[in-house]
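Novice: Submitted below is the structure of interest, expressed as C-alpha cells.
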Amino acid sequence: MCGLKPIIAPSILSANFINLGSDVTLLFLNQCDWIHIDVMDGNFVPNISIGFPVLHQLRTLLVDKSKYFFDCHMMVANPEQWVATVAEYGGNQYTFHLESTKDPKNLVKLIHAHGMRAACALKPQTEIEQVLSFADQLDMVLVMTVEPGFGGQSFMPEMMSKVRKLRQLYPKLDIQVDGGLGPETVNVAAEAGANVIVAGTSVFKAKDQAKTIQTLRDAVVRHTSKL
Ligand SMILES: O=C(CO)[C@H](O)[C@H](O)COP(=O)(O)O
Ligand SMILES: [Fe+2]
C-alpha cells in the first residue's frame, strides 16, 4: 500500500455556467473530492474564463472549506498578485505556473502564509528539473497534459515520463494531471504515478457522472497501490 490518496477533481470549465451552482453541488453529491477552478487571464493563456466573483459566490454556496475543496488553477501572469484574493474568497489550494513567476520559492511561502496549499504547474514544454529545487516545499505538482488555455483537448501521453520521474523522486507527493483525462486515458496517468485527476469534458459529458467519477478513482487506487 503506497498511502497515496486518490483525488478526483472535475474541472468546472466544462460546467453549464447558467446553472453553475447546481452543477457544482451535483459534483459533490456524486462524490468528487475537489472542484478544479480554471482561472485564465487572457495574458498568460489566450483565453479568459472565470474570476473572483464566481469563486466568491461558489464559496458562499458551499461554505464549509474543509468539506468542499476549491483547487484553483491560476493560468495568470503575475500570480503573486492574486494570492490574497483567492485566499479571501475561499480557495483551498493555489496552483501557479512555473513559467509565470521569477521567484517560485517566495511565492510558495506567500501561498502558505495565506493558509492555502501551494502547487506548481508545468506546461508541456517545461521540464521537471526546474521544479526540483523547491519540490519538497510543495503540496502538489501539476503536470499539464495539454497546452493550458482550453478544455476538450487531447491527452498527451508523452507527458507521462515527467510523472514517472517525479513519482520516483517523491513517493508521497500529490501529482496532478490536467487535460484530456477520462476513463480511456486515466489508466496511463495513474500507472505512471498520478494520484490527482482533473477531468472536465469527460465528467460533464458523462451519461452517468457518479459512475465516471468512481471509474476514475478506481483506476488511481488500482495503479497507485502497486507503486
Ligand atoms: O486547465 C485546463 C485547461 O487549460 C483544464 O483544467 C483542462 O483542460 C480540463 O479540461 P478537459 O478535461 O476538458 O481537458
Ligand atoms: Fe486546469
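Novice: Among 75, 124, 224, pick out the residue whose Cα is farthest towards the positive end of the charge dipole of the chain, where Lys and Arg carry +1 and Asp and Glu carry -1 on C-beta, about the Cα centre.
Specialist: 224
Novice: Another question, then. Given charges of +1 on the Cβ of Lys and Arg and -1 on the Cβ of Asp and Glu, with all other atoms neutral, how large is the dipole of region 7-224 about its Cα centre, in debye to the nearest 20? Please report the intermediate quantities before stating the final value.
Specialist: Values: 18 positive and 22 negative charges, 77 e Å.
Computed charge dipole of region 7-224: roughly 360 debye.
Novice: Let me ask something else. Could you calculate the FRET efficiency of residue 210 with residue 65 from 1/(1 + (r/R0)^6), where r is the beta carbon distance between them and R0 is 25 Å, rounded to 0.05?
Specialist: Working: r = 24 Å, r/R0 = 0.94.
E(calc), rounded to 0.05, equals 0.60.
Novice: Can you tell me which of 49, 133, 154 moves the most in a GNM of the chain? Springs connect C-alpha atoms under 10 Å apart.
Specialist: 133
Novice: Related question: Between the alpha-carbon centers of region 41-92 and region 95-131, tell me the distance in whole angstrom.
Specialist: So the two Cα centres are separated by 15 Å.
Novice: What are the extents of the Cα atoms of region 108-227 along their three principal axes, in Å, largest first?
Specialist: Answer, in whole Å and largest first: 42, 31, 29 Å.
Novice: Give, rounded to the nearest 20 debye, the magnitude of the charge dipole that region 62-142 has about its Cα centre when Lys and Arg contribute +1 at Cβ and Asp and Glu contribute -1 at Cβ.
Specialist: Computed charge dipole of region 62-142: roughly 160 debye.
Novice: Where is the GNM fluctuation largest for the chain (alpha-carbon springs, 10 angstrom cutoff): 197, 18, 111?
Specialist: Among 197, 18, 111, the largest mean-square fluctuation in the Gaussian network model of the chain belongs to 18.
Novice: State which entries of 165/226; 5/165; 102/123 exceed 23 angstrom in Cα-Cα distance in the structure shown. List each step's numbers first, then the result.
Specialist: On the way: 165/226 16 Å; 5/165 19 Å; 102/123 16 Å.
From the list (165/226; 5/165; 102/123), the Cα-Cα distance tops 23 Å for no pair.
Novice: Further question: Restricting to DSSP H runs of at least four residues, report the calculated mean residue ellipticity at 222 nm for the chain, -39500 (n - 2.57) per run over all residues, nearest 500 deg cm²/dmol.
Specialist: It comes out at -9000 deg cm²/dmol, rounded to the nearest 500.
Novice: While we're looking at this one, here's another question. Given an 8 Å cut-off on Cα distances and at least 6 residues of separation, report the relative contact order of the chain as a percent. Don't jump to the answer; show the numbers that get you there.
Specialist: On the way: 453 pairs, mean separation 49.4, N = 227.
22 percent.
Novice: Name the aspartates and glutamates eligible as straight-distance cross-link partners of residue 172: C-alpha to C-alpha under 13 Å, and not fewer than 8 places from it in the same chain.
Specialist: Straight-line reach from residue 172, under 13 Å: 136, 139.
Novice: Shifting gears a bit: May I ask for the Rg/Rh ratio of region 7-224, computed from Cα atoms with Rh as the Kirkwood radius, given to two decimals?
Specialist: Numbers: Rg = 15.8 Å, Rh = 17.0 Å.
We get a ratio of 0.93 for region 7-224.
Novice: Would you mind telling me which residue in 91, 182, 51 has the biggest mean-square fluctuation in a Gaussian network model of the chain, where springs connect alpha carbons within a distance under 10 angstrom?
Specialist: 51
Where a number appears in this text, it was derived from the coordinates with a stated rule and is not lab data. This one's a predicted model, so the numbers in the text were calculated from it and none came from an experiment. Don't worry about glycine lacking a Cβ; one is built from the backbone with ideal geometry, like all the others, and counts go over all protein chains shown.
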